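Trainee: My questions all concern the structure below.
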Amino acid sequence: SHKATSCSQVQFCAALGGGSKPGPESVVDSSLPSGTMMELAQAQRLCLEADSCTSFSFPDANGYFNTQGVKQHDWFVEGKGKVHFYSRPDPMALQAPEAGLSVLSKCGAGTAWLLN
């Protein structure tokens, strides 16, 4: 696994505590394979290597529960989660009973925002 030195300080931070999802103004990064199943580390690497990608959504290991509180069993299977990549995530908080999803955005040196 290689990492460009310019990315050495870049990490991913949860957009909002308690779970979040892309909001109505979100823009999908069409250069990356949204909707596919992959491990978290792979999603992070793909987003890091794509300048157009600022964020991605990833389900919790317990799975994603939709707005009706129904578990979506195909969202997290055997260590892989259903990932979606964004150039603009417009994150918004999950509303109970919705649970188990987070928008993770690039943070740290050289990114759009720094974690305080």
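The values are calculated or read from the model by the stated rules, or taken from the named source; none is laboratory data. Values in this document were obtained by computation on a predicted structure and should not be read as measured data. Every residue, glycine as well, gets a Cβ built from its backbone with ideal geometry; the counts of neighbours run over all protein chains shown. Just the protein is used for accessible areas: all its heavy atoms, side chains included, with ligands, DNA and RNA removed. Shrake-Rupley method; radii C 1.70, N 1.55, O 1.52, S 1.80 Å.
Trainee: Could you go through segment 34-46 in sequence order and give the Karplus-derived ³J(HN,Hα) for each residue, using 6.51 cos²θ - 1.76 cosθ + 1.60 with θ = phi - 60°, rounded to whole Hz, and x for Gly and Pro?
Mentor: Result, ordered by residue: 4, x, 8, 9, 7, 6, 4, 4, 5, 4, 4, 5, 4 Hz.
Trainee: Of [x] 7.3; [y] 6.5; [z] 9.8, which is the value of mean projected area of the Cα convex hull in nm² derived from the coordinates here?
Mentor: [x]
Trainee: Which value, in Å², gives the accessible area per residue of the chain when a 1.4 Å probe is used on the protein heavy atoms?
Mentor: In whole numbers, the chain has 57 Å² accessible per residue.
Trainee: Take the solvent-accessible surface of the protein heavy atoms, probe 1.4 Å, and return the percent of it on the chain that carbon and sulfur atoms account for.
Mentor: 52 percent
Trainee: In addition: So how much slack lies between GLN68 and ALA93, counting 0.36 nm per residue of separation and subtracting their Cα-Cα distance, in nm?
Mentor: 7.5 nm
Trainee: Now for a separate question. Around LYS21, with a cut-off of 13 angstrom between Cβ atoms, what is the net charge of the other residues, counting Lys and Arg +1 and Asp and Glu -1?
Mentor: It works out to a net charge of -3.
Trainee: Moving on. With +1 assigned to the C-beta of every Lys and Arg and -1 to the C-beta of every Asp and Glu, and no other charges, what is the dipole magnitude of the chain about the Cα centre in debye, to the nearest 20?
Mentor: 120 debye
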